[in-house]
Structure formats: structure tokens, C-alpha cells
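Asker: The structure under discussion is supplied below as C-alpha cells; questions concerning it will follow.
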Amino acid sequence: MRIAIIGAGLGGVTAATGLHLTGHDVTLYERAPDLRETGTGIVVMPNGLNALDTLGLAEPLRDHAAPTAQGGLRDRKGRPLLVTDAAKAQERYGPTIVIDRAVLHRTLRARLPADRIRTATPVDDLGGITADAIIVADGLHSRLRGRLFPGHPGTHRTGRLDLRGTLRKVPGVEALLTAILIDRHSGAMFGLFPLGSSGLYWFTDAPAPATIPTPEQAREQMAELMADWHPAVPAILRATDVADIHVDPITCLARPLDSYTSGTVALLGDAAHGMTPDLGQGASQAFEDAAALVRHLKDAEPADAAERLSRYDAERRPRANKLMLASARQSRLTTQTGPGAWLRDTLLRATPPSLAARQLAAIWLA
């Protein structure tokens, strides 16, 4: 079957590779002049890695498994709020990996022949595409989603700003690895993960200023906001080169889609269910999408395309839309300030690690 995939982000290249390996005639279209994945690090949760495993793409990534440190939520001083046993969780559900986005992108497309890829080829109208099935994976700001579902309101900004950065390891940060710090005073958060054997990946989430700052301005603003946090936090921010910092206003779909398919066209990844980053499920849900597409399109003939894609929609939309809403709720929970945040912290401290593990399992078990 001839399958066109629009968009060569992480989800698009994964679907393209998986469908090619099962024998379909795949063409991957990308508007950029070359294949690249910009950004910093990325965290892939166990369910995302398990999805890649079903496609035969996970093995090269397992060397990037995060250490089994004590994870969970901490306050701004680094004191535990919600403790999770990372070692037990990884033993039961599989590892979480932390990897450079560019390395992940290259790994996922390594088995896709170069002649299956058309770069510098924007697709803003599906009328010019000849294929038995079309997979739209052109990201959160998808041009094609609006054409397929003109009644959907599209995206909206949440009023928060995301910074992501990478740097070489610095001393004194071991206690914060794999932890997320939240602050009931400012509503900001900071997360830190090891990146390979000698690097660190960090992110912040804080109220967005009226004007989106440059990376240099954002770094200084965030370092000032977090000056009285655990000492490692402002030190890490100031030690990160401006060139290695990415600034993004947090944006998500205004509401879940009522369908991921229209005839022989299906949406994948952020184009289908762009969510806030609070559950760390953006990439993992795209990988689940790709795995489901490959499974439902296995041995399909052109006449089967619409029916097979409807099966994909029936499987993926309930789960991904549920996580999209759950991620928004998590954002409201972790960014609270004032008395509500004080109550939140009190309840988090009283939550047994076993219950926290069960809550993670509800997210990770596809």
C-alpha cells in the first residue's frame, strides 16, 4: 500500500520507519530543507519505549536509560514531597530514557532509506498527494488539521513559559537528578535529568511574561526567580550556554479532537493530541500512535485503508485524549500558589510511594 506521511518529526519518522519495515511503500514529506530535530534533551517514558520495542526500534536506545534514583516531586529547596521508587518502577514497567533529541531522531530513521524521504517539500493541501493512506504528523501547529477539521478551535497558549537546556555535568546536583521541584510561592517548577554519561538536561515551567524573552533574557529571569531555590538550580541555569537554551510558550490543543481520522487520512502525534508537557507524554504518545498505525495497517490493501484507520482512531483517541486532559489537570495542580498549594504539598507528603507508583502505572500502561 502507498502511504504518505506529512511531517518528519519524531512521530513522523517513527511511523515511516515502522510502516516501511512492514512492507508498505512509504514516502515521508518534510518542509524543512533537511531532516533535523531541534531542541535539547527529551524524556521517553516506559510506555513510549515499549511502543518503540514493538516496532523493533527500542534496542539502540536502552543505553540511555535514566539512573534508578529516587524520583518524584520536591519543594523548591529540594525536600521530598511525593516520593517514587524509580528502581522498582523501572523493574516492573521498563526504563525511562533521557536522550538528545537529535540522537533520538537519527536512531529512529536509521532504517528508513533516504530515497523514501522528500525534504524541502511543504504540503499545505492534500490534493497534490497521491497515496492510498495519508498520515498527518505535521506537529502542534498543523496546517492540515484545520483543513480536515475546520470546526476545531486549534491551539491556545496556557500563559506559561517553558525553558529547556543542556550542559555538561556540574558537581552538587546528584540529589536532584530525576526529580521535579515545584514552588507554592511562584507556581514555577524545575526538572533535572542526566543526559548520557557526562551531561544534564533541565527544564523550567513558569508564568509567561507579557513579551516572550530571548534565551539570554529568559535564563537571567529564571535564575533570578529561582535564586533562593536549592543552590544547584540557579547554578545550573547560569552555567548553561545561551546557545543550548530553548524558549517556548507552552501551547496545546484548545480541546480534544472528536476524531483522528477523515476517510483515508489520519492524524498522529501533536497534530492529533498536542498536550502540555506536565506528564512527559508528548513523544511517548506519538510513539504509541506510530505503533498502533503499523499494527492496524499490517497486510492492508488499498481498499482497507479507511476501515483500518478507523480502528486506529478507536484505539488511540480515547487514551491520548484522556492523557491530554490529565496533563492539563497536572499543570493546574503543580502550578498552584497560595493556600491551595500549601494543601497540595501537605497531601503530597502524605501520599505513600506505593500509591504514587500506581498512579504512574495508570499513565504508563497502554
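The values are calculated or read from the model by the stated rules, or taken from the named source; none is laboratory data. Here the structure is a predicted model, which means the values were calculated and not measured. Note: ideal-geometry Cβ built from the backbone for every residue, glycine included; neighbour counts use all protein chains shown.
Asker: Name the residue that is surrounded by the fewest Cβ atoms within 10 Å (Cβ to Cβ), counting only residues in region 147-171 that are under 10 Å from T240 (Cα atoms) and either more than 17 Å from the chain's Cα centre (by Cα) or of a type in the set (S, T, Y) (or both).
Answerer: Here the answer is R168.
Asker: Would you mind finding the one in D205, D258 that is closer than 21 Å to L325 by Cα, among the acidic types (D, E) and part of a loop (DSSP other than H, G, I, E, B)? Quick ask: steps written out before the conclusion?
Answerer: On the way: D205 fails: part of a loop (DSSP other than H, G, I, E, B).
Answer to the check: D258.
Asker: Among the residues in region 307-322, are any polar (S, T, N, Q), crowded, with 22+ Cβ neighbours inside 10 Å and either out of contact with any Lys or Arg (no Cβ under 9 Å at 6 or more places or on another chain) or farther than 28 Å from L49 by Cβ (or both)? First the steps, then the outcome.
Answerer: We begin by selecting, within region 307-322, every residue polar (S, T, N, Q); these are 310, 321.
Those still in the list that are crowded, with 22+ Cβ neighbours inside 10 Å too: none.
No, region 307-322 contains no residue that is polar (S, T, N, Q), crowded, with 22+ Cβ neighbours inside 10 Å and either out of contact with any Lys or Arg (no Cβ under 9 Å at 6 or more places or on another chain) or farther than 28 Å from L49 by Cβ (or both).
Asker: Given the criterion basic (K, R), within 24 Å of G139 (Cβ to Cβ) and touching a Pro at 6+ places or on another chain (Cβ under 8 Å), identify the matching residue among R101, R31, R36, R74. Talk me through it step by step, then tell me what you get.
Answerer: Numbers: R101 fails: touching a Pro at 6+ places or on another chain (Cβ under 8 Å); R36 fails: touching a Pro at 6+ places or on another chain (Cβ under 8 Å); R74 fails: within 24 Å of G139 (Cβ to Cβ).
It is R31.
Asker: Also, quick follow-up: Residue by residue through region 23-34, note down the ones that are surrounded by fewer than 18 Cβ atoms within 10 Å (Cβ to Cβ) and either on the phi < 0 side of the Ramachandran plot or modelled with pLDDT under 95 (or both).
Answerer: Pass one, region 23-34, residues surrounded by fewer than 18 Cβ atoms within 10 Å (Cβ to Cβ): 23, 25, 31-34.
Selection gives D25, R31, A32, P33, D34.
Asker: Across region 229-253, what is the number of residues that are more than 23 Å from P171 (Cα to Cα) and surrounded by 21 or more Cβ atoms within 10 Å (Cβ to Cβ)?
Answerer: Summing the residues that are more than 23 Å from P171 (Cα to Cα) and surrounded by 21 or more Cβ atoms within 10 Å (Cβ to Cβ) in region 229-253 gives 2.
Asker: How many residues does region 10-49 contain that are within 13 Å of the chain's Cα centre (by Cα) and hydroxyl-bearing (S, T, Y)?
Answerer: Qualifying residue count, region 10-49: 1.
Asker: Report yes if D63 is of a type in the set (D, E, K, R), surrounded by fewer than 16 Cβ atoms within 10 Å (Cβ to Cβ) and at pLDDT below 95, otherwise no. Please lay out each step first, then the result.
Answerer: Details: of a type in the set (D, E, K, R): yes; surrounded by fewer than 16 Cβ atoms within 10 Å (Cβ to Cβ): yes; at pLDDT below 95: yes.
So D63 fits the description; yes.
Asker: Go through region 169-184 and report how many residues are out of contact with any Pro (no Cβ under 8 Å at 6 or more places or on another chain), modelled with pLDDT under 95 and either in a loop (DSSP other than H, G, I, E, B) or not aliphatic (A, V, I, L, M) (or both).
Answerer: Residues meeting the conditions: 4.
Asker: While we're looking at this one, here's another question. What tally of residues in region 269-321 results from selecting those that are part of a helix (DSSP H, G or I) and more than 25 Å from T335 (Cα to Cα)? So that I can check it myself, show each step before the final result.
Answerer: Taking region 269-321 first, the residues part of a helix (DSSP H, G or I) are 270-273, 277-279, 282-297, 302-321.
Keeping just the survivors that are more than 25 Å from T335 (Cα to Cα) gives 271-272, 286-297, 302-318.
Residues in region 269-321 being part of a helix (DSSP H, G or I) and more than 25 Å from T335 (Cα to Cα): 31 in total.
Asker: Would you pick out the residues in region 239-255 that are in a loop (DSSP other than H, G, I, E, B) and either within 14 Å of A137 (Cα to Cα) or in contact with a Pro (Cβ under 8 Å, 6 or more places away or on another chain) (or both)? Before you say what the answer is, go through the steps one by one.
Answerer: We begin by selecting, within region 239-255, every residue in a loop (DSSP other than H, G, I, E, B); these are 240-241, 254-255.
Hits for region 239-255 are A254, R255.
Asker: For region 36-44, does any single residue satisfy the condition of being acidic (D, E), farther than 30 Å from L176 by Cβ and in contact (Cβ under 8 Å) with a residue 12 or more places away in the chain?
Answerer: The first filter runs over region 36-44 and keeps only residues acidic (D, E), leaving 37.
Within this subset, residues satisfying the condition of being farther than 30 Å from L176 by Cβ are none.
No.
Asker: Can you name the residue in region 324-341 that is in contact (Cβ under 8 Å) with a residue 24 or more places away in the chain, out of contact with any helix residue (DSSP H, G or I) (no Cβ under 7 Å at 6 or more places or on another chain) and part of a helix (DSSP H, G or I) and, of all such residues, is nearest to Y260 (Cα to Cα)?
Answerer: Step one: list which residues in region 324-341 are in contact (Cβ under 8 Å) with a residue 24 or more places away in the chain, which gives 324-328, 330-331, 334-338, 341.
Keeping just the survivors that are out of contact with any helix residue (DSSP H, G or I) (no Cβ under 7 Å at 6 or more places or on another chain) gives 325, 328, 335, 337-338, 341.
If we keep only those that are part of a helix (DSSP H, G or I) as well, we get 325, 328, 341.
Values: L325: 16, A328: 20, A341: 36 Å.
Among those residues, the one meeting the criterion is L325.
Asker: Scan region 342-366 for residues that are farther than 27 Å from P256 by Cβ, in a helix (DSSP H, G or I) and in contact (Cβ under 8 Å) with a residue 40 or more places away in the chain and jot them down.
Answerer: Once the filter is applied, which keeps residues that are farther than 27 Å from P256 by Cβ, in a helix (DSSP H, G or I) and in contact (Cβ under 8 Å) with a residue 40 or more places away in the chain, region 342-366 yields W342, D345, L348, R349, P353, A357.
Asker: If we keep just the residues of region 35-60 that are polar (S, T, N, Q) and closer than 17 Å to A286 by Cβ, which is surrounded by the most Cβ atoms within 10 Å (Cβ to Cβ)?
Answerer: In the first step, residues of region 35-60 are kept if they are polar (S, T, N, Q); the result is 38, 40, 47, 50, 54.
Right, trim to closer than 17 Å to A286 by Cβ and you get 38, 47, 50, 54.
Working: T38: 10, N47: 23, N50: 20, T54: 17.
The selected residue is N47.
Asker: When only residues in region 74-102 that are among the hydroxyl-bearing types (S, T, Y) and either under 16 Å from S354 (Cβ atoms) or out of contact with any strand residue (DSSP E or B) (no Cβ under 7 Å at 6 or more places or on another chain) (or both) count, which is surrounded by the fewest Cβ atoms within 10 Å (Cβ to Cβ)?
Answerer: The initial filter retains those residues of region 74-102 that are among the hydroxyl-bearing types (S, T, Y), namely 84, 93, 96.
Add one more test, that the residue is either under 16 Å from S354 (Cβ atoms) or out of contact with any strand residue (DSSP E or B) (no Cβ under 7 Å at 6 or more places or on another chain) (or both), and what stays is 84, 93.
Details: T84: 22, Y93: 19.
Ranking the qualifying residues of region 74-102, first place goes to Y93.
Asker: So how many residues does region 229-274 have that are over 30 Å from I129 (Cβ atoms) and either in contact (Cβ under 8 Å) with a residue 40 or more places away in the chain or small (G, A, S) (or both)?
Answerer: We begin by selecting, within region 229-274, every residue over 30 Å from I129 (Cβ atoms); these are 229-247, 249-250.
So of that shortlist, the ones also either in contact (Cβ under 8 Å) with a residue 40 or more places away in the chain or small (G, A, S) (or both) come out as 229-233, 235-237, 239-241, 243-247, 249-250.
The total comes to 18.
Asker: Now, a different point. I need every pair where a residue in region 209-228 that is free of Cβ contacts under 8 Å to residues at least 40 places away in the same chain and buried (at least 17 other Cβ atoms within 10 Å of the Cβ) has its Cβ under 8 Å from the Cβ of a residue that is basic (K, R) and not in a loop (DSSP other than H, G, I, E, B), sequence separation at least 6 or different chains.
Answerer: Pairs found: A223/R238.
Asker: Looking at T121, T166, can you tell me which residue is part of a loop (DSSP other than H, G, I, E, B) and among the polar types (S, T, N, Q)?
Answerer: Working: T166 fails: part of a loop (DSSP other than H, G, I, E, B).
Only one candidate qualifies: T121.
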